[in-house]
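Asks: One structure coming up, written as structure tokens, with questions to follow.
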Amino acid sequence: MVESAPARAVARSEPGRRSPRRPGSGLGPLLGTAGILGFLLLWELVSLAGLVDTRFLPAPHTVLVRLVEYLRDLAFWRDVADTMTAWAIGLTISVVAATVLGFAIGSSRFLEHATRSTIEFLRPIPSVALIPLAVILFGVKIQSALLLIVYASFWQVLIQVIYGTKDVDPVAEATARSYGLNRWQRVRHVVWPTALPYLMTGIRLAATVALVLAITAELIIGTPGLGKQIGLTQSTGDVVGMYALIIATGLIGVGINFLARLVERKALAWHTSIRTDLVT
Amino acid sequence: ATTTDDAGSSASAELTPVTVGVIPIADTAALYLGDSLGYFEDAGLDLTIETAESGAAIAPAVVSGDYQFGFSNNLSLLVANEKGLGLTTVSAAVATTGDPSSDMGGIIVKADSDIQTPADLAGKTVSSNAVGNINQVVTRAAIDADGGDSSTTEFVEVAFPDAIAAVENSQVDAAYVVEPFVTAALAAGDRVVSYAYAEFDPKLDIASYFTTQAYADENPDVVEAFQEAMTKSLEAAQDDPDAVRDILTTYTKTDAATAAKIVLPVFPTEIDRAALEKLGSAAVEYGILTAEPDLDALLH
Amino acid sequence: MLQVAGLRKIYPTATGGFEAIRNLTFDVPAGQLACIVGPSGAGKTTLLKCIAGLLPRTEGVLELHGKDITGPPKTMAVVFQEYGRSLFPWMTVERNVELPLKAAGVPKAERRARAAEALEQVDLADAGGKYPWQLSGGMQQRVAIARAVAYRPEVLLMDEPFAAVDAQTRADLEDLVRRIWKELGITILFVTHDIDESVYLGERVIVLSAAPTVVQDDILVDLPADRDQLRTRSLPRFAELRTHVFEEIQRAKAEAKTGAIPAR
Amino acid sequence: MLQVAGLRKIYPTATGGFEAIRNLTFDVPAGQLACIVGPSGAGKTTLLKCIAGLLPRTEGVLELHGKDITGPPKTMAVVFQEYGRSLFPWMTVERNVELPLKAAGVPKAERRARAAEALEQVDLADAGGKYPWQLSGGMQQRVAIARAVAYRPEVLLMDEPFAAVDAQTRADLEDLVRRIWKELGITILFVTHDIDESVYLGERVIVLSAAPTVVQDDILVDLPADRDQLRTRSLPRFAELRTHVFEEIQRAKAEAKTGAIPAR
Amino acid sequence: MAHLDPDGPRHVSAFLRNTAFLLGLPLLLVLWWWWATIDSTNFFVPTPGELVTTFVDTWFGPRFWQDVLPSIGRLAAGLALAIVLGVAFGILIGSFKRLRQLLEPLLEFIRAVPPVVLVPLLMLLIGINDLMKVVVIVSGAIWPILLNTVEGVRATDEVQRDTCATYRIRGLNRLRYLTLPAASPQILAGVRQSLSIGLILMVISEMFGSSSGLGFTIVWFQRNFAIPEMWSGILVLGLIGLGLSVIFRVVERRILRWYHGLREVQRAS
Ligand SMILES: Nc1ncnc2c1ncn2[C@@H]1O[C@H](COP(=O)(O)OP(=O)(O)OP(=O)(O)O)[C@@H](O)[C@H]1O
Ligand SMILES: Nc1ncnc2c1ncn2[C@@H]1O[C@H](COP(=O)(O)OP(=O)(O)OP(=O)(O)O)[C@@H](O)[C@H]1O
Ligand SMILES: [Mg+2]
Ligand SMILES: [Mg+2]
């Protein structure tokens, strides 16, 4: 349901500023790239001006050169694949589990009250503190990383979904109930679409947290992946390599967000935020 | 033995699969070298090396039986046993060069720092990769031995790679670092105040390979085979520094140029009990251990 | 069939509660088309929501087919006053109309057909593929009506369903309501502000007082069953009835003005 | 004062655009009260939103005081058709009414007084402390009207402002609108579906065709300026006018039925 | 919302019910844990009894003043900053599409960098001090608030926006009377998430360049195989999280009174 580009012929402007027929559809990615380039430029200037020692924070061009070297290296891609596998499995588990539980908890007052204290207690427990537990349970395998990933990203989605399920418009809810939609049908047709924007935000939050935790777990526990490589560069003082890998991580994050936005546009074409965005 | 993963697939059936958890630093070069020389296969072991960023993840994995053996610094082993983990060493791993003017670890300061001797560190901030570990004990011992009062020194945690930056930006007054960062610091013009390992005891063992007492009791053959292979490996490493420098570039990100320059540790085949006792006493004095450690239980 | 006795509704508020309905008692036999009128804020919407089982009552009896209403009864459809918010923005008009049928397990083909027919009846055959927010206010309201019509309920509650449509469309829709009422033999409770409409549509007009609400009057509309926009409205009896209803509402408002609104 | 010439509005949609307004041309001189009627979906709301500067037009001229309208002009107030959603649920009724005055920098005491007066005028003096969602539909709509009245704009756009109130209140509000119009000498554009209302209220009735919309007819209401609910409505000229308007709307709808709705 | 029953012992019964809700599930879990560890000798999982004794021994005393309080102080500062910055930038980014397009990839980029590797950089730029730790907390806690604010601002009802536009309610007034309240349900959902993330980052920030603090102590316990003590530290974290969420709920109830009223009165059943 994404509105096609020609539909932009008529632009709905921000109040107070009218600019009709703005052909701006290709501008988005361009601006985004400009943002990142601007950041790199700033960084380059900082190191040119000698504000920080390049031994500790190397200039971006040296880092980028190293990154390009990595990109040509098969081993790098194997590490990326390892990290992304852990990421994908972990994220899927936590999103599915949190969505199911979130809907259950959010649509029942009793469950919400009964679980609140436990959730609030468990949520702030840092994943890093669970490393010993993970290692005893699973050893130095991908499961350990998964435990950390799932534990950290699960709550992100859960809280969003609980809030989302409670944001149902009372009139919409009343309509559904009066037409005899049963609980499941209401969840499917009313609660789900209402919570979807929240869920999307939750997934976007969780996707990055899962990535962060995948890297961190690899770094600390030593399961194979990008994080382990970052650890190796760190322990031998290869600062340029370390920042190259960090940039690679960041780029993966950008890619993940891009995908999430794409899904969101499809799933939420009806939502005020997307609707007005398209014509704004 | 629970680990089955990639072991066994390449090796013939008679080999016993064992997994060793180590930190990928110069200190474990002997193990890698021995593996590449086939010593472990010769001893009937199918060796898998798993790496971890810090010792924190290794001990639990050994206790849980995921790894059969692990690499850890000796003070951590003493602490673990005091907490009842029931660990026992199976082999020496790495020791100080014993040379108080060139070692694989030391306390660095900025070139223009007014800290000249360890005693000057009293009342200052010193960074170490972990607070309450062997580096802190030897640093405090160095300060006290030099006539300072080490209880006034503040220790903060800064990872080795960041320590040089922290020293140069005056975020800490001094830092305890190990190779390759000692060489890097010297190259950058920094100064070493004390090679505190060697100062502490010229025979000080830094780390060991260990397993659990329970595993050792149940699998004396495997332990023996491992010890045998380890001994050969350590000897090989001690005899052929160039081989060590070569192998270093394969499992760490150290480039050949750096590897050629760094100070290598000693790879002993025996753990020096006297030095270890001294370490234990110092740790008790500095409140890291609560009682004199039971070395009989620890040393196999 | 529908029994309301001693109904009372107090909304909980920060200051202790607001008595919207004080005491309502009336019966609606099966198959009747009853109109409810009353001043703005009288509690008409509140009453409908209570009957629909969407709002818990504070006191009194509410029975459908002799059974206490504790939740939304099956085979009841409601057209809400807030039509805009009662349509789901994430579904096209068609799917909005089909949804209750889908939930009731009506097979796809029939569902399609009934939805199409209902949209046709409200003159929106072309708008099926649009989203509610692409429609004008009046069109949205007609979608809500179509949804109720397609559902073919036994009891139909309508809360000012024609407020946003033009005069001609309104007349058409009035006739549509009477037609389906007759064809399906259903019971309809119809809230309106238009006095003419209440008399033209209903067989009975229940006039509510201002809040706290009681039944001000209950008028039987003794017009012929076959009604016609032009002829019926020009009958002398029609004029009499509408004057009567008008006066009752006037009285209801006047009384509210003099007596202070009691709040617990 | 307000000039609309060759106005065209195409809504962007997935399928390429929907032409809601094809070509509208009319002028409203300062101080006029003009009513706009037309079939449901004709584009009345769209027109109002364009004039209010909320929606960019596709083509044509829109000028206020000879100046192109590029954004919401000063001293214009709008009562939206979706009255429920135009009130802020996080503020009490009073604060909702006061808000535009506050934003305009009116001192507190005056603000209070004007809000209280406006609420009094729409018969909601008691409801000031409530939240919008604690009000009935008709009451919400009256709050939106009170907000516009308290603002004392130069130009007032009203989109079916009386759709949800009862007949008596409606009559009172009609008289209120005429009174403030006369007292303040403001320009009012009033969209309604009630043909009687359009004739009773306006000095002029603009009839729109079905979408894609053009001006179907532009009728001068030559009734005396002093109007009265009973007397004016019983004038023969009133009957004539309303019949005329009714026929025009009929014609607009009939034409729309025959010609297919063109879409780009 | 049950039937309105404004009489008598509602307070008492409500209190009892809330307590039951608060403690019910945790009690069940503790029982299960107790049952599961009843004859376990697992070194890494203490029994509930052990944990309670350790908890009292470890945290009741000077450690509370030296480690826990300063950490909470930094946490509070970090969270406050994260909320202010997150909401401010969220509103800016949510209001202007071009700005959003410009910054979004960059923000996603920064967001994907694990704090564990970010810390050394911050240490380099800021130094080893409290500010660095606060910045670490902000660097992680800001994201849920920022993202939720952006989404909340973007989802503001069109009719409400139009209303503001026509009455020329702009700038600060618009922010205060429309944008903030309209987005507040979503902003607060973000804040709630940030509380626990802030706590997690407090631990991470103290893993570097520290010699005291709650996080440092927990990691130190872990490294020194003081396992029951480590778990007791985690218990402290959980309790702080619980405390934060209680405070949060009180604040949320106040800010979102209209929202809960709107939802709960209407969704009566
Ligand atoms: N949630 C609520 N909390 C408190 N009071 C409420 C609530 N909902 C409605 N009321 C009050 O109850 C009374 C009746 O409201 P209701 O919506 O039933 O009126 P109505 O007859 O439908 O009016 P209208 O014709 O204007 O729609 C009103 O005075 C209103 O202020
Ligand atoms: N956002 C939109 N996208 C596409 N089409 C729209 C949109 N908004 C309105 N329309 C279409 O434009 C036409 C005019 O709508 P508008 O709301 O102006 O009608 P109206 O005259 O106010 O009708 P009513 O009296 O029913 O309120 C309708 O056919 C509607 O479907
Ligand atoms: Mg109502
Ligand atoms: Mg309209």
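Since every read-out is calculated from the coordinates, none of them should be taken as a lab result. Note that the structure is a prediction, hence the values are computed from the model and not measured. Note: ideal-geometry Cβ built from the backbone for every residue, glycine included; neighbour counts use all protein chains shown.
Asks: Give the average, rounded to an integer, of partner chain Cβ atoms located within 10 angstrom of each Cβ in A:162-170. Could the numbers behind the result be given before it?
Replies: Working: counts 2, 8, 3, 0, 7, 6, 2, 9, 11.
The per-residue average across the peptide is 5.
Asks: Please state the shape class of the stretch C:83-152: rounded when a/c is under 1.5, otherwise prolate if a/b exceeds b/c and oblate if not, all from the C-alpha gyration tensor. Provide the component values of the computation, followed by the final result.
Replies: Numbers: a/c = 1.76, a/b = 1.47, b/c = 1.19.
In terms of gyration-tensor shape, prolate.
Asks: Another question about this same structure. Using the Kirkwood formula on the Cα atoms of the stretch E:47-268, what hydrodynamic radius do you get, in angstrom to one decimal? Walk me through the numbers on the way to the answer.
Replies: Details: mean 1/r = 0.0517 Å⁻¹.
Value: 19.3 Å, from the Cα pair sum.
Asks: Using a Debye calculation, one point per C-alpha and no hydration shell, please list log10 I(q)/I(0) for the stretch C:16-76 at q = 0.21, 0.30 Å⁻¹ in order.
Replies: Those come out to -0.98, -1.63, one per q.
Asks: If you don't mind, another one. Within the stretch D:42-75, report the trypsin sites (Lys or Arg not before Pro) that DSSP leaves as loop and that have at most 16 other Cβ atoms within 10 Å.
Replies: When the trypsin sites (Lys or Arg not before Pro) of the stretch D:42-75 are filtered for loop state and at most 16 Cβ neighbours within 10 Å, D:74 remain.
Asks: Give, as a single signed number, the net charge of other residues whose beta carbon lies under 10 Å from the beta carbon of residue D:9, with Lys and Arg counted +1 and Asp and Glu -1.
Replies: Values: positive: D:8, D:22, D:49, D:57; negative: D:19, D:59.
For residues surrounding residue D:9, the net value is +2.
Asks: Distance in whole Å from the D-onto-C rotation axis to the closest C-beta of chain D, together with the residue it belongs to, please.
Replies: Residue plus distance in Å, as requested: D:163, 2.
Asks: Rounding to the nearest 20 debye, state how big the charge dipole of chain E is about its Cα centre with +1 on each Lys and Arg Cβ and -1 on each Asp and Glu Cβ. The partial results should precede the final answer.
Replies: Working: 23 positive and 17 negative charges, 249 e Å.
With Lys and Arg at +1 and Asp and Glu at -1, about 1200 debye.
Asks: Something else now. For the stretch C:1-101, state which GluC sites (Glu not before Pro) are in a DSSP loop and have at most 10 other beta carbons lying within 10 Å of their beta carbon. Working shown, then result.
Replies: Working: sites: C:19, C:59, C:63, C:82, C:94, C:98; in loops: C:82.
Of the GluC sites (Glu not before Pro), not one in the loops of the stretch C:1-101 has a Cβ with at most 10 other Cβ atoms within 10 Å.
Asks: Next question. Using only DSSP helix segments of four residues or longer, with each worth -39500 (n - 2.57), what per-residue ellipticity at 222 nm results for chain E after dividing by its residue count and rounding to 500? Display every interim value, and only then the final one.
Replies: On the way: 12 runs with 206 residues, N = 269.
Counting only the DSSP helices, I get -25500 deg cm²/dmol.
Asks: Could you pull the Rg and Dmax for the stretch A:33-140, using just the Cα atoms, both in Å?
Replies: Looking at the stretch A:33-140, its Cα Rg and Dmax stand at 22.0, 61 Å.
Asks: Calculate the mean, over all residues of peptide E:191-200, of how many other protein chain Cβ atoms lie within 10 angstrom of the residue's Cβ.
Replies: Values: counts 0, 6, 12, 0, 4, 12, 8, 1, 4, 10.
For this peptide, the per-residue mean of nearby foreign Cβ atoms is 6.
Asks: From the label point of residue D:110, set 7 Å along Cα to the beta carbon, how far off in nm is each other copy's matching point, shortest first?
Replies: Distances to the matching label points in the other copies: 6.7 nm.
Asks: Say a label goes 7 Å from Cα toward Cβ at residue C:74 in every copy; what distances in nm does this one have to the rest, shortest first?
Replies: 6.4
Asks: Work through the residues other than residue C:107 whose Cβ is under 12 Å from its Cβ and net out their charges, Lys, Arg +1 and Asp, Glu -1. Don't jump to the answer; show the numbers that get you there.
Replies: Values: positive: C:102, C:108, C:111, C:112, C:114; negative: C:98, C:110.
Around residue C:107, the surrounding residues sum to +3.
Asks: Once every DSSP H run of n ≥ 4 in chain B is given -39500 (n - 2.57) and the sum is divided by its residues, what mean residue ellipticity at 222 nm do you get, rounded to the nearest 500 deg cm²/dmol? All intermediate terms of the calculation are to be shown ahead of the outcome.
Replies: Details: 14 runs with 120 residues, N = 300.
One gets -11000 deg cm²/dmol as the mean residue ellipticity at 222 nm.
Asks: Okay, next question. Average partner chain C-beta neighbours within 10 Å, per residue of E:236-244?
Replies: Numbers: counts 0, 6, 8, 3, 2, 7, 9, 1, 3.
Taking the mean over all residues of the peptide, I get 4.
Asks: What are the distances, in nm and sorted shortest first, from the label point of residue D:179 to the label points of the same position in each other copy, with each label point placed 7 Å from Cα along the Cα-to-Cβ direction?
Replies: 4.4
Asks: Now a separate question. Suppose a student asked you for the relative contact order of the stretch B:137-296, using Cα pairs under 8 Å spaced at least 6 residues apart; what percent would you report?
Replies: Working: 96 pairs, mean separation 38.5, N = 160.
Reported as a whole number, the value is 24 percent.
Asks: Apply 1/(1 + (r/R0)^6) to the Cβ-Cβ distance of residue D:23 and residue E:98, taking R0 = 56 Å, and write down the FRET efficiency to the nearest 0.05. Mind showing how you got there, number by number?
Replies: Working: r = 34 Å, r/R0 = 0.60.
Here the calculated transfer efficiency is 0.95.
Asks: How big is the charge dipole of the stretch C:197-240 about its Cα centre, in debye rounded to the nearest 20, if each Lys and Arg gets +1 on its Cβ and each Asp and Glu gets -1 on its Cβ? Spell out each step's value before the answer.
Replies: Details: 5 positive and 8 negative charges, 26 e Å.
Roughly 120 debye for the stretch C:197-240.
Asks: Between Rg and the Kirkwood Rh of the protein assembly as shown, both from Cα atoms, what is the Rg to Rh ratio?
Replies: Numbers: Rg = 38.5 Å, Rh = 35.8 Å.
That ratio equals 1.08.
Asks: Dipole magnitude of the protein assembly as shown about its Cα centre, charges +1 at Lys/Arg Cβ and -1 at Asp/Glu Cβ only, in debye to the nearest 20?
Replies: On the way: 126 positive and 150 negative charges, 1624 e Å.
With Lys and Arg at +1 and Asp and Glu at -1, about 7800 debye.
Asks: Return the distance in nm (one decimal) between the two label points of a simple spin-label model at residue C:13 and residue A:30, each offset 7 Å from Cα along Cα→Cβ.
Replies: About 5.6 nm, to one decimal.
Asks: Send over the Kirkwood Rh of the stretch A:59-279, from the inverse of the averaged 1/r over different Cα pairs, rounded to one decimal Å.
Replies: Values: mean 1/r = 0.0520 Å⁻¹.
Computed over Cα pairs of the stretch A:59-279, the Kirkwood hydrodynamic radius comes out at 19.2 Å.
Asks: If r is the Cβ-Cβ distance from residue D:231 to residue A:110 and R0 is 51 Å, what FRET efficiency results, to the nearest 0.05?
Replies: Numbers: r = 63 Å, r/R0 = 1.24.
The formula returns an efficiency of 0.20 here.
Asks: In square nanometres, what is one fourth of the surface area of the convex hull spanned by the alpha carbons of the stretch C:1-108?
Replies: Values: hull surface 35.8 nm².
It is 8.9 nm².
Asks: For chain C, what is the mean residue ellipticity at 222 nm derived from helices alone (per DSSP H run of n ≥ 4: -39500 (n - 2.57); sum divided by total residues; nearest 500 deg cm²/dmol)?
Replies: Values: 9 runs with 105 residues, N = 264.
Helices in chain C give a 222 nm mean residue ellipticity of -12000 deg cm²/dmol.
Asks: So, one more: Once label points are set 7 Å from the Cα along Cα→Cβ at both residue A:74 and residue C:63, what is their separation, rounded to one decimal in nm?
Replies: 8.3
Asks: Something else about it: First measure r as the distance between the Cβ atoms of residue D:113 and residue E:257, then evaluate 1/(1 + (r/R0)^6) with R0 = 30 Å and state the FRET efficiency to the nearest 0.05.
Replies: Between residue D:113 and residue E:257 the formula returns 0.65.
Asks: Considering only the other residues whose Cβ falls under 10 Å of the Cβ of residue A:258, what net charge follows from Lys and Arg at +1 and Asp and Glu at -1? Please report the intermediate quantities before stating the final value.
Replies: Numbers: positive: A:261; negative: E:104, E:108.
Result for the neighbourhood of residue A:258: -1.
Asks: Separate question: Using only Cα atoms, what is the ratio of the radius of gyration of chain D to 2.2 N^0.38 Å?
Replies: Expressed relative to 2.2 N^0.38 Å, the Cα Rg reads 1.01.
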